[in-house]
Amino acid sequence: MRPLLLMLIAAGTLRAAPADSWIRIHSANFELFTTGSERTGRDLIQYFEQVRGFFQKAFGFDGAAVHPVRIVAFNSDREYLPYRPSEVADAYFQPGFEHDYIVMKNLAGNIYPMAVHEYTHLILRQTRLEIPRWLDEGLAELYSSLEPAGGKMIVGKVIEGRRRTLMREPWIDLRSLVSAGATSSLYNGKAHAEMFYAESWALVHMLTLDDRYSAGLRAMMEGVGDGDSVTAIQKAYGVPLERVQSDLKAYVYGERFNAAVFDVAMPAANFEPLIEREAAMPARLALAEMLSDDRNKINQALAAYKALSHDYENRWEIERGWAEFLARERRNNEALPHFARAAGLGADDPRMYVEYARVLNAANRNGDAMTALKSAVRISPSLDEAHFELAVMMVRNGSYREALAEFHTIKRLDPEYAYRYYYYLAEAHYRLGDVRQARRLVERGRTQTQSREQMAAFDQLQQALDQNR
């Protein structure tokens, strides 16, 4: 009874705004959904593009997003509440399976420091570095104070609100601060969160911009990847943590804060974003996807998809999102009818058919899986992932020549596919009598994996090749 009650409660809270109040705004690198004003949304997405341009020029960041970036900007606390990750978060960054999300509570006041803060989290995520919370939040706060000055940009302006907190509140012991994880009450609880952010900002400010510490920053950044910030700091700077804390208090209470000046101007916002009004359905679908990426909100996500299906009948986009969510949850039997319905409604997303084929294959419906992959290739002849999965399936079904033709259309695959690529391509050549080429592929495949299971599979194929000398 309780799971049903939770779903009913969630269904009642997930309609964040009247159905016609959502606006969708596209730029080259961002997609914004907002219940705020069109003008504010337009200005915000242009600012995100400008900040992205600054990071590109200042740090050589190539801007290649791991996932497309979506921004959700609500217009009130009530709308934001069902999506809030903690009681202290007015905005947050959330990585996802299909999109990365930056979520903001409202568009009131000076929202730009908050926007830069969350975008910095996204940039750090894209570096694939594992960094602790204090460093993640401290860097985001540091760059949130970006300030143009003529043709330059200043980083490191004093955030007066953070400094006031440090002046009047008891400090967190530095050892506790740098050891706090994502679930720590120091980070998530109201009692300590304000000081956590303030002290993290001050520490990163000093380590980055103070002459006594800036030279050791790179070594410290490399060291924290091991998960022990205390050791990383002490090793990088050659002093005990207590000395760092003493220097930090003197830095905050002193009269001088350094700043960095980049000889880079904020790029001009010289483009016109695309505006889609009355975008309630795609906005709610984006919110459902965002919920499904959060392990703590799976029931809310399920309720959101059900509500969408009820409110917008016969929309393949909803069925696709629902199916892919269920597939990620390994609820394949529930996912299959939603995939089938999306296909029957005319879905034209080739990647959906690839996912559909994988679920069909897991259900031993190989013929249907082959049909789904052929649909993906028909819709997008250049989709290498679809050609690859189709080639693998053809090898398994004994259609070796057809499989080779599919393999030869592939131009680029991510490294995660390397083992299967070399194994099945080698098997196809072996089955067609080209033992020499199969040997070459087995040897190349061995260099692409350290998995014992995958090495054993190559060994087994090698034994079959040895018997055909």
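The values are calculated or read from the model by the stated rules, or taken from the named source; none is laboratory data. Everything numeric here is computed off the predicted structure, so don't read it as measured data. All Cβ positions, glycine included, derive from the backbone under ideal geometry; neighbour counts span all protein chains shown.
Observations, loosely collected:
- Arg440 being surrounded by fewer than 16 Cβ atoms within 10 Å (Cβ to Cβ), over 27 Å from Met370 (Cβ atoms) and either among the hydroxyl-bearing types (Ser, Thr, Tyr) or in the same structural domain as Arg358 (by TED's automatic domain parsing) (or both): yes
- Residue check for Ala182: within 31 Å of the chain's Cα centre (by Cα), in contact (Cβ under 8 Å) with a residue 60 or more places away in the chain and either over 20 Å from Leu124 (Cα atoms) or not in a helix (DSSP H, G or I) (or both): no
- Qualifying residue in region 154-162 (condition: without any contact (Cβ under 8 Å) to a residue 40 or more places away in the chain and of a type in the set (Gly, Ala, Ser)): yes
- Residues in region 412-419 include at least one that is surrounded by fewer than 17 Cβ atoms within 10 Å (Cβ to Cβ), touching a residue at least 24 places away in the same chain (Cβ under 8 Å), basic (Lys, Arg) and within 24 Å of Arg351 (Cβ to Cβ).
- For region 443-469, filtered to residues that are surrounded by 14 or more Cβ atoms within 10 Å (Cβ to Cβ) and charged (D, E, K, R), the residue that is farthest from Ala405 (Cα to Cα) is Arg446.
- Of everything in region 429-462 that is among the small types (Gly, Ala, Ser) and outside any helix (DSSP H, G or I), the residue that is nearest to the chain's Cα centre (by Cα) is Ser451.
- Filter pass, Ile23 being closer than 20 Å to Leu146 by Cα and of a type outside the set (Gly, Ala, Ser): no
- Scanning region 55-107 for residues that are in contact with a helix residue (DSSP H, G or I) (Cβ under 9 Å, 6 or more places away or on another chain) and farther than 29 Å from Gly321 by Cα, we see that the one that is surrounded by the most Cβ atoms within 10 Å (Cβ to Cβ) is Phe55.
- Elements of type strands (runs of 3 or more DSSP E) contained in region 45-156, each with 1 or more residues being under 19 Å from His205 (Cβ atoms): 147-149, 152-155
- Pair list, Cβ under 6 Å, 6 or more apart: region 376-402 residue closer than 19 Å to Arg412 by Cα, other residue of a type in the set (S, T, N, Q) and outside any helix (DSSP H, G or I): His387/Thr409
- Failed criterion for Met167 (all others in (1) surrounded by 18 or more Cβ atoms within 10 Å (Cβ to Cβ); (2) more than 24 Å from the chain's Cα centre (by Cα); (3) touching a residue at least 60 places away in the same chain (Cβ under 8 Å) hold): (1)
- Residue in region 234-249 that is surrounded by the fewest Cβ atoms within 10 Å (Cβ to Cβ), counting only those that are among the small types (Gly, Ala, Ser) and farther than 30 Å from Phe55 by Cα: Gly238
- Candidates His205, His192: the one that is surrounded by 19 or more Cβ atoms within 10 Å (Cβ to Cβ), at pLDDT 85 or above and farther than 21 Å from Phe59 by Cβ is His192.
- Applying a threshold of 7 Å to beta carbon distances and a minimum spacing of six or more residues, or different chains, the list of pairs starting in region 444-462 at a residue that is in contact (Cβ under 8 Å) with a residue 40 or more places away in the chain and ending at one that is surrounded by 14 or more Cβ atoms within 10 Å (Cβ to Cβ) and among the basic types (Lys, Arg) is empty.
- In region 141-157, the residues that are of a type in the set (A, V, I, L, M) and closer than 14 Å to Thr120 by Cα: Leu142, Leu146, Val155
- Wholly within region 340-417, helices (runs of 4 or more DSSP H) carrying at least 2 residues that are closer than 30 Å to Glu313 by Cα: 350-362, 366-379
- Any hit, region 72-83, residues being touching an Asp or Glu at 6+ places or on another chain (Cβ under 7 Å) and either touching a residue at least 40 places away in the same chain (Cβ under 8 Å) or not charged (D, E, K, R) (or both): no
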